[in-house]
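What follows is a short report on a single structure.
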Amino acid sequence: MTPSATSTLPPPARSPQPLTDGRRGGLEQGLVLTFVVVPLLALAAAVPLAWGWGLSVTDIAIAAAFYVVSGLGVTAGFHRYFTHGSFKANRLLRIALAIAGSLALQGSVTSWVADHRRHHAYSDKAGDPHSPWAFGTGPRALARGMWHAHVGWLFDRDRTNAARFAPDLLADRDIVRVDRAFLPLAVASLALPGVIGGLVTWSLTGALTALFWGGLVRVALLHHVTWSINSICHMWGDRPFAARDRSVNVWWLAIVSFGESWHNLHHADPTCARHGVKRGQVDLSALLIRGFEKLGWATAVRWPTPRRLERLGVQASTRSTAGRTETVTDPEASGSPSA
Ligand SMILES: [Zn+2]
Ligand SMILES: [Zn+2]
């Protein structure tokens, strides 16, 4: 089925959008290259060039640690816990998750949650803050939409109304405090890698390289991964579940995004604590939540159950269900990683 050919997003409607719209052509694939792969290749090329004088094992270890803490702060914290309530957290964990997510420099917890709840309320329809389909379906419109969904939307002047989309967080004094501390937390997130690098190597060079790789490069990398969930994961991938939008599962982003790229399942079942629900679908955020649960810090975790999954159409590949023809005819393209 072909998507709507209008130049703007369709108005919010109750009827589900078509689930599949065929495979994208070469031009669109080229866009992924431009937005994601080329900058990453440039970065990868910089690593051997800098090795030995501008990059060390210490820098990599510091960058990795900050990537994991701030990344999981966003995925398990801002997203699965604060936005969707896929589990309950004790007070300390709640505050820790809000702080960890703030270190990703993606806005304060309340503004992040408000934007993301709005995304789910209007996904790929008018009102969605970052749909790649916002300008239509032609190659030029998609190029513009891809840029808009990836990063351009951040420059929109309209701010999502937190009073409407995140009143629960505005009413929480702990969260309001973390919200107010966003700027110092952001500065700390950039500066701390430098401080640690300086202390470990006891040198100014060590401080500067750790600041560069663990602060700047790590934040930029995590930004692109998070933005890819908004752009790529609404464009090119597999659509095994019955979501009311164009969300897709993208296996090759699963590890770096801590499981967030199983985005089609997420839109089909937003409160589910695990997004990679099928065998082989690695979901590190779910693993962390399982750890919190074992420690007793997280309770009432909304884990996928066979019944819950069946309702979402996980079994669709073996059944003929009206309206999901592509899923039925192409069982291998059902979101499983090929590796
Ligand atoms: Zn989405
Ligand atoms: Zn979500």
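The values are calculated or read from the model by the stated rules, or taken from the named source; none is laboratory data. Worth saying up front: this structure is predicted, and the values here are computed from it rather than measured. Positions of Cβ are generated from backbone atoms using ideal geometry, with glycine treated the same way; all protein chains shown enter the neighbour counts. SASA here: full protein model, heavy atoms, side chains in, ligands and nucleic acids out. Shrake-Rupley method; radii C 1.70, N 1.55, O 1.52, S 1.80 Å.
Of everything in the stretch 245-260, what is over 11 Å from the mean Cα position of the chain (by Cα) and within 11 Å of ligand 1 (Cβ to nearest atom)? Give them in sequence order.
Asp245, Arg246, Ser247, Val248
Which of (1) touching a helix residue (DSSP H, G or I) at 6+ places or on another chain (Cβ under 8 Å); (2) closer than 20 Å to His263 by Cβ is the odd one out, the single condition Gly85 does not satisfy?
Just one mismatch for Gly85, condition (1).
Among the residues of the stretch 229-264, how many are buried (at least 24 other Cβ atoms within 10 Å of the Cβ), part of a helix (DSSP H, G or I) and more than 11 Å from ligand 2 (Cβ to nearest atom)?
Adding up the residues that qualify gives 3.
Just wondering, is there one or more residues in the stretch 107-116 that are open to solvent by 10 Å² or more (accessible area, probe 1.4 Å), part of a helix (DSSP H, G or I), within 21 Å of Phe165 (Cβ to Cβ) and more than 14 Å from ligand 1 (Cβ to nearest atom)?
yes
So which of Trp303, Trp213 is assigned to a loop (DSSP other than H, G, I, E, B), open to solvent by less than 50 Å² (accessible area, probe 1.4 Å) and more than 16 Å from ligand 2 (Cβ to nearest atom)?
Matching residue, one of Trp303, Trp213: Trp303.
Just one of Gly85, Gly77 is buried (at least 23 other Cβ atoms within 10 Å of the Cβ) and within 15 Å of ligand 2 (Cβ to nearest atom); which is it?
Gly77
One residue is enough: does the stretch 188-195 have a residue meeting the conditions away from ligand 1 (no atom under 15 Å from the Cβ), open to solvent by 30 Å² or more (accessible area, probe 1.4 Å), in a loop (DSSP other than H, G, I, E, B) and in contact (Cβ under 8 Å) with a residue 40 or more places away in the chain?
no
Check off (1) in contact with a Gly (Cβ under 9 Å, 6 or more places away or on another chain); (2) more than 28 Å from Arg117 (Cα to Cα) for Val195 and give me the number that stays unchecked.
Answer for Val195: the failing condition is (1).
Which residues, counting only those in the stretch 140-166, are part of a helix (DSSP H, G or I) and open to solvent by 70 Å² or more (accessible area, probe 1.4 Å)?
Arg140, Arg144, Trp147, Leu154, Phe155, Arg164
Taking the condition open to solvent by 20 Å² or more (accessible area, probe 1.4 Å), over 29 Å from Trp51 (Cα atoms) and within 13 Å of ligand 1 (Cβ to nearest atom), does Arg290 pass?
For Arg290, the condition - open to solvent by 20 Å² or more (accessible area, probe 1.4 Å), over 29 Å from Trp51 (Cα atoms) and within 13 Å of ligand 1 (Cβ to nearest atom) - is not met.
When only residues in the stretch 196-210 that are of a type outside the set (Gly, Ala, Ser) and open to solvent by 30 Å² or more (accessible area, probe 1.4 Å) count, which is nearest to ligand 1 (Cβ to nearest atom)?
Among those that are of a type outside the set (Gly, Ala, Ser) and open to solvent by 30 Å² or more (accessible area, probe 1.4 Å), it is Ile196.
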